[in-house]
Each structure stands twice: as C-alpha cells, then as structure tokens.
Amino acid sequence: MKHSLALLALLCSIKCFSQQDALTAKADIMKVVSTYFNCIQNKDSITFCNLFALDSVSFYGVNAPDSYQAYAKRNPKTRLLLKDNYRSFIRFVVSSKEKAEEKYSNLTVWNDNTIATLFFNYSFWIGGKETNWGIETWQLLFNGKEWKIMSALFSANDEQVTPDPTQKQ
C-alpha cells in the first residue's frame, strides 16, 4: 500500500512539474515578451511586475563607452554600470507624462524547456523620440506553471551621443 501511494504521488508530481514541449515553451516565452512590451506601452505595472520570478531579480544596464564618456564629462560621478530594478523601471514608465515604448528586433530564444535565454536589439522611446538603444538579454525559468524573468541585462547607447544605426535619419 505504501508503494502504491508513493507511486501515485510521484506520478502526480511529474505531471505538475513536467516540462513543456519545445514549441509550447517557445510560444509561452513569446507571450512573456509581448506582455512585457505591452505593459510598457499601457503603463500596466501590476502585470509587468508579475512577469518576474522574484523581487530581487537582477536588472542591470551598462553604458556604452561613448555614452559613458559623454556623461562623465558632464558628471564625473557617472557610473558605467546602471544598477536598477524592474519596479523602479516601471515606476518611471508609469509616472512619465509622455508615452513610453520599448521596441525590439532580431529576437533569439534559446531554451531547454526549463530555462531560457533571450537576446535582442532594443530601442527605448519617450514621447515618440528614441532615447537609447542597444542589446538586451534576459534569463527566464519555467516554474512548473509559467515562464518568469530571472534577470535582464542591457547595453545603453544614448541616442544623442551615438545615433541608432537601425533608424533612418
């Protein structure tokens, strides 16, 4: 009897935490991506924050060399590493009087149905004007029910210092 209960518990836990097939996983990961960008456009902080696995998810930017040097000339205390968190980012977006938008292209998803890495080109826009651009990468995990963002890292090129080569002038 003990063995039957143990086997039943094992089978239930396998179903609860089973991995997705590759196509389902990628489709679900793409839902996270589209939800993220839609939340920025719609200033939806609640849905945005629910995309992240933990409160302490790493969310870092790195100023590109030319941008960093330009900032350092104006303010010697400028930092190369932009330590932020997703809550501060969405607060900034929601508090902006102008429309905020992040656009992406060249998205690549690499996953094994348990963890995933995404990388893509991005550009960030406020009030219809591009402010910065670069490369962004995310780490995600599948928690048995859904995909969650564990970390985000991005390069930051100031559009006024180094114009985005993908935008027509």
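We did not get these values from a lab; they are worked out from the coordinates using the rules stated. Note that the coordinates shown come from a computational prediction; the quantities given were computed from them, not determined experimentally. Using ideal geometry, Cβ is built from the backbone for each residue, glycine included, and neighbour counts are taken over all protein chains shown.
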Check your understanding: So, of the residues in the range 118-146 that are of a type in the set (Ser, Thr, Tyr) and crowded, with 17+ Cβ neighbours inside 10 Å, which turns out to be nearest to Leu51 (Cα to Cα)?
Key -> Tyr122
Practice item. May I ask you to verify whether Phe154 is buried (at least 20 other Cβ atoms within 10 Å of the Cβ), under 22 Å from Gln41 (Cβ atoms), touching a residue at least 12 places away in the same chain (Cβ under 8 Å) and under 19 Å from the mean Cα position of the chain (by Cα)? Key: yes
Review point. Looking at Val94, is it more than 30 Å from Pro165 (Cβ to Cβ), in contact (Cβ under 8 Å) with a residue 40 or more places away in the chain and either touching a strand residue (DSSP E or B) at 6+ places or on another chain (Cβ under 9 Å) or among the aliphatic types (A, V, I, L, M) (or both)?
Key: yes
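Just one of Val57, Val62, Val109 is among the aliphatic types (A, V, I, L, M), more than 24 Å from Asn143 (Cα to Cα), surrounded by 13 or more Cβ atoms within 10 Å (Cβ to Cβ) and touching a residue at least 24 places away in the same chain (Cβ under 8 Å); which is it? Give the steps one after another, and end with the answer.
Numbers: Val57 fails: more than 24 Å from Asn143 (Cα to Cα); Val109 fails: more than 24 Å from Asn143 (Cα to Cα).
On inspection, the qualifying residue turns out to be Val62.
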Point to revise | Selection count where residues are touching a strand residue (DSSP E or B) at 6+ places or on another chain (Cβ under 6 Å) and surrounded by fewer than 16 Cβ atoms within 10 Å (Cβ to Cβ), scope the range 38-49 | key: 1
Study note, to complete from the structure: Of the conditions (1) under 14 Å from the mean Cα position of the chain (by Cα); (2) crowded, with 16+ Cβ neighbours inside 10 Å, the single one that Ala70 does not satisfy is (1)
Exercise for review: From (1) free of Cβ contacts under 8 Å to residues at least 60 places away in the same chain; (2) surrounded by fewer than 16 Cβ atoms within 10 Å (Cβ to Cβ); (3) touching a helix residue (DSSP H, G or I) at 6+ places or on another chain (Cβ under 9 Å); (4) not charged (D, E, K, R), pick out the condition that doesn't hold for Ile115.
Suggested key: (3)
Exercise for review: Please go through the range 110-155 and pick out each residue that is touching an Asp or Glu at 6+ places or on another chain (Cβ under 6 Å) and not in a strand (DSSP E or B).
Suggested key: Gly127
